[in-house]
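To start, the structure itself, in structure tokens.
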Amino acid sequence: MAAIRLDGLTKRYGDHVAIDDLDLTVPEGDAFGFLGPNGAGKSTTIDILLDYVRPSEGTATVLGCDAQRDAREIHERIGVLPEGYDLYDRLTGYEHLRLPADLKGINVDADRVLDRIGLSDVDADRPVGTYSTGMCQRLALGMATVGDPELLVLDEPTSGLDPHGISLLKQLITEEVTRGTTVFLSSHGLEHVAATCDRVGIIEDGQLMTVAVIDDHDVSLAALFDRHTSTSLPERENPQSVSGGL
Ligand SMILES: Nc1ncnc2c1ncn2[C@@H]1O[C@H](COP(=O)(O)OP(=O)(O)OP(=O)(O)O)[C@@H](O)[C@H]1O
């Protein structure tokens, strides 16, 4: 079964077409990178998957459920790091970890989550209003993992993370994929996408330009991005190669 399936997905804001007849299938167990320049439509696509935004046309299916009709079930089965997440200044890290657990009706092994995201129990006892940007990002990432979700949706997960945080993120994604979780990751950072994803889809102007497998040969990821979008990327963001552009 596909973890994510988009059929003819279209989103218009007035005359502006943000998502244009998008077809995409992400198989279960994939680590899928969703790449594209600013304004390409990445967040809008994710917002439709999460039923934060309704499509103008087409359908989005998540874990076999209709993204609009079955949104509640989907949210119980997935973990989400949204782009513009909200944390509560007065609540502690521990209290934040209980929020997704309460939503899913489960207990949370907070120490395990904290260990994975590199926050201490002292940090977790403090109000989040005292956290740095990177600590907030780590906590939001940890919240996404609560309940061992079947699908992790990560919108710009490296945002605000230092190298150690990025290393923990990569390790977390590897562990999740090994566990059988599907990871759908939106990012501007090719380096991090290449290091953690099996396949990438490149989107521009709301259209899927290509889907490619990441491996050690054939054309470079940056070259693929250059070929399929009007945006060029610095070559230093290209540590790995891809093949199989469709
Ligand atoms: N609420 C809205 N009203 C009008 N236009 C919108 C709205 N939300 C998004 N758009 C437009 O839809 C297009 C896609 O935006 P989206 O945020 O999905 O892009 P993105 O790929 O996530 O960009 P970024 O990488 O900059 O976050 C953009 O042209 C944006 O201006």
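Could you grab the pairs with beta carbons closer than 7 Å, sequence gap of 6+ or different chains, first residue in region 30-42 and open to solvent by less than 20 Å² (accessible area, probe 1.4 Å), second one near the ligand (Cβ under 6 Å from one of its atoms) and among the charged types (D, E, K, R)?
Phe34/Lys42; Gly36/Lys42
With respect to Glu57, determine if the residue is out of contact with any helix residue (DSSP H, G or I) (no Cβ under 9 Å at 6 or more places or on another chain) and either free of Cβ contacts under 8 Å to residues at least 24 places away in the same chain or away from the ligand (no atom under 16 Å from the Cβ) (or both). Spell out how you get there, then give the answer.
Working: out of contact with any helix residue (DSSP H, G or I) (no Cβ under 9 Å at 6 or more places or on another chain): yes; either free of Cβ contacts under 8 Å to residues at least 24 places away in the same chain or away from the ligand (no atom under 16 Å from the Cβ) (or both): no.
Spelling it out, it is not the case that Glu57 is out of contact with any helix residue (DSSP H, G or I) (no Cβ under 9 Å at 6 or more places or on another chain) and either free of Cβ contacts under 8 Å to residues at least 24 places away in the same chain or away from the ligand (no atom under 16 Å from the Cβ) (or both).
If you check Val122, Val113, which single one turns out to be of a type in the set (Val, Ile, Thr) and loosely packed, with under 14 Cβ neighbours inside 10 Å?
Working: Val113 fails: loosely packed, with under 14 Cβ neighbours inside 10 Å.
Sole residue among the options that is of a type in the set (Val, Ile, Thr) and loosely packed, with under 14 Cβ neighbours inside 10 Å: Val122.
Does region 168-204 hold any residues that are in a loop (DSSP other than H, G, I, E, B) and away from the ligand (no atom under 13 Å from the Cβ), and which are they?
So in region 168-204, the residues in a loop (DSSP other than H, G, I, E, B) come out as 180-181, 188-189, 197-198.
Those that are in a loop (DSSP other than H, G, I, E, B) and away from the ligand (no atom under 13 Å from the Cβ): Gly180, Thr181, Cys197, Asp198.
Tell me which of these Gly165 doesn't satisfy, since it passes every other one: (1) of a type in the set (Gly, Ala, Ser); (2) more than 16 Å from the ligand (Cβ to nearest atom); (3) surrounded by 23 or more Cβ atoms within 10 Å (Cβ to Cβ).
Status for Gly165: all satisfied but (3).
When you look at Gly64, is it touching a helix residue (DSSP H, G or I) at 6+ places or on another chain (Cβ under 9 Å), more than 12 Å from the ligand (Cβ to nearest atom), in contact (Cβ under 8 Å) with a residue 24 or more places away in the chain and of a type outside the set (Ser, Thr, Tyr), yes or no?
Working: touching a helix residue (DSSP H, G or I) at 6+ places or on another chain (Cβ under 9 Å): no; more than 12 Å from the ligand (Cβ to nearest atom): yes; in contact (Cβ under 8 Å) with a residue 24 or more places away in the chain: yes; of a type outside the set (Ser, Thr, Tyr): yes.
Criteria not met by Gly64.
Taking region 8-24 only, how many residues are open to solvent by 70 Å² or more (accessible area, probe 1.4 Å) and either at pLDDT 95 or above or within 8 Å of the ligand (Cβ to nearest atom) (or both)?
First, the residues of region 8-24 that are open to solvent by 70 Å² or more (accessible area, probe 1.4 Å): 12-13, 15-16, 21, 23.
So of that shortlist, the ones also either at pLDDT 95 or above or within 8 Å of the ligand (Cβ to nearest atom) (or both) come out as 12-13, 16, 21, 23.
Of the residues in region 8-24, 5 are open to solvent by 70 Å² or more (accessible area, probe 1.4 Å) and either at pLDDT 95 or above or within 8 Å of the ligand (Cβ to nearest atom) (or both).
Quick check on Gly134: is it over 23 Å from Gly201 (Cβ atoms), assigned to a helix (DSSP H, G or I) and open to solvent by less than 10 Å² (accessible area, probe 1.4 Å)?
Numbers: over 23 Å from Gly201 (Cβ atoms): yes; assigned to a helix (DSSP H, G or I): yes; open to solvent by less than 10 Å² (accessible area, probe 1.4 Å): no.
So Gly134 does not fit the description; no.
When you go through (1) of a type in the set (Gly, Ala, Ser); (2) assigned to a helix (DSSP H, G or I); (3) at pLDDT 95 or above one by one for Ala60, which number turns out not to apply?
Only one criterion is unmet by Ala60, namely (2).
Tell me the residue from Asp148, Asp111, Asp89 that is free of Cβ contacts under 8 Å to residues at least 60 places away in the same chain, more than 22 Å from Asp47 (Cα to Cα), over 13 Å from the mean Cα position of the chain (by Cα) and outside any helix (DSSP H, G or I), please. Walk me through how you get there before you give the answer.
On the way: Asp148 fails: more than 22 Å from Asp47 (Cα to Cα); Asp111 fails: outside any helix (DSSP H, G or I).
Selected residue: Asp89, the only one of Asp148, Asp111, Asp89 that is free of Cβ contacts under 8 Å to residues at least 60 places away in the same chain, more than 22 Å from Asp47 (Cα to Cα), over 13 Å from the mean Cα position of the chain (by Cα) and outside any helix (DSSP H, G or I).
Just to check your reading of the model, which residue among Arg5, Arg69 is part of a loop (DSSP other than H, G, I, E, B), away from the ligand (no atom under 16 Å from the Cβ) and either aliphatic (A, V, I, L, M) or surrounded by fewer than 22 Cβ atoms within 10 Å (Cβ to Cβ) (or both)? Steps first, answer last, please.
On the way: Arg5 fails: part of a loop (DSSP other than H, G, I, E, B).
Within the list Arg5, Arg69, the selection yields Arg69.
Sort through Gly64, Gly93, Gly58, Gly79 and tell me the only one that's of a type in the set (Gly, Ala, Ser) and within 12 Å of Leu139 (Cα to Cα).
On the way: Gly64 fails: within 12 Å of Leu139 (Cα to Cα); Gly58 fails: within 12 Å of Leu139 (Cα to Cα); Gly79 fails: within 12 Å of Leu139 (Cα to Cα).
When all the criteria are applied, what remains is Gly93.
The values are calculated or read from the model by the stated rules, or taken from the named source; none is laboratory data. These numbers come from a predicted model, not from an experiment. Here the Cβ is made from the backbone with ideal geometry for all residues, glycine too, and neighbour counts use every protein chain on show. In case anyone asks, the SASA skips ligands and DNA or RNA and just uses the protein heavy atoms, side chains included. Shrake-Rupley method; radii C 1.70, N 1.55, O 1.52, S 1.80 Å.
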